[in-house]
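**Q** The structure under discussion is supplied below as structure tokens; questions concerning it will follow.
The values are calculated or read from the model by the stated rules, or taken from the named source; none is laboratory data. The structure displayed is predicted, hence computed values, not measured ones. Cβ sites come from the backbone with ideal geometry, for glycine too, and all protein chains shown count toward neighbours. Heads up: the accessible areas ignore ligands, DNA and RNA and are worked out on the full protein's heavy atoms, side chains in. Shrake-Rupley method; radii C 1.70, N 1.55, O 1.52, S 1.80 Å.
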Amino acid sequence: QVQLVESGGGLVQPGGSLRLSCAASGRSVSIATMGWYRQVPGMQRELVAAIDSGGSTNYADSVKGRFIIFRDNDKNMVYLEMNSLNPEDTAVYYCNRRWYNLSSWGQGTQVTVSS
């Protein structure tokens, strides 16, 4: 059983930055595909960024060039560095671990971009 705990959300002004953290326990992040998703009320959860076991990354078009996903295998953590934030980035952000057909989610952390 893996547990994922997100942190780092909060209120930030447009143009600002935040770093989200996802702490994993029980299973390694290095052998799985780790992803950050986000969801706003009434909308489907969408993939923001992912990093696979080989280190390859992919990003939603809306965040390319602004967000960076990376992990620290020694600490068993995954991060999402978010820059040039805009109000459209406001959402609850979730960490996900996917290993074969096993998918685990964190509880989410709220990010609000507003002046």
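**Q** What net charge is computed for the residues neighbouring Val78, neighbours being all others with C-beta under 15 Å from the C-beta of Val78, Lys and Arg scored +1, Asp and Glu -1?
**A** Combined, the nearby Lys, Arg, Asp and Glu give +2.
**Q** Right, next: Let me have the relative contact order for the range 48-87, percent, based on Cα pairs under 8 Å that are six or more residues apart.
**A** Answer for the range 48-87 is 31 percent.
**Q** Determine the relative contact order of the chain: mean sequence separation of Cα pairs under 8 Å and six or more apart, normalised by residue count, in whole percent.
**A** 37
**Q** Moving on to the next point. Once phi is turned into ³J(HN,Hα) by the Karplus curve 6.51 cos²θ - 1.76 cosθ + 1.60 with θ = phi - 60°, what whole-Hz value does each residue of the range 12-18 show in order, with x for glycine and proline?
**A** 9, 7, x, x, x, 10, 8
**Q** Another question about this same structure. Which percent of the accessible heavy-atom area of the range 35-74 goes to carbon and sulfur, probe 1.4 angstrom?
**A** On the range 35-74, the fraction of accessible area on carbon and sulfur atoms equals 46 percent.
**Q** Over the Cα atoms of the range 1-73, each weighted equally, I'd like the Debye log10 I(q)/I(0) at q = 0.14, 0.24 Å⁻¹, rounded to two decimals.
**A** The Cα Debye sum returns log10 ratios of -0.50, -1.33.
**Q** With every protein chain kept in place and ligands, DNA and RNA left out, what is the accessible area per residue of the range 1-113? Probe 1.4 Å, answer in Å².
**A** Here the per-residue accessible area is 53 Å².
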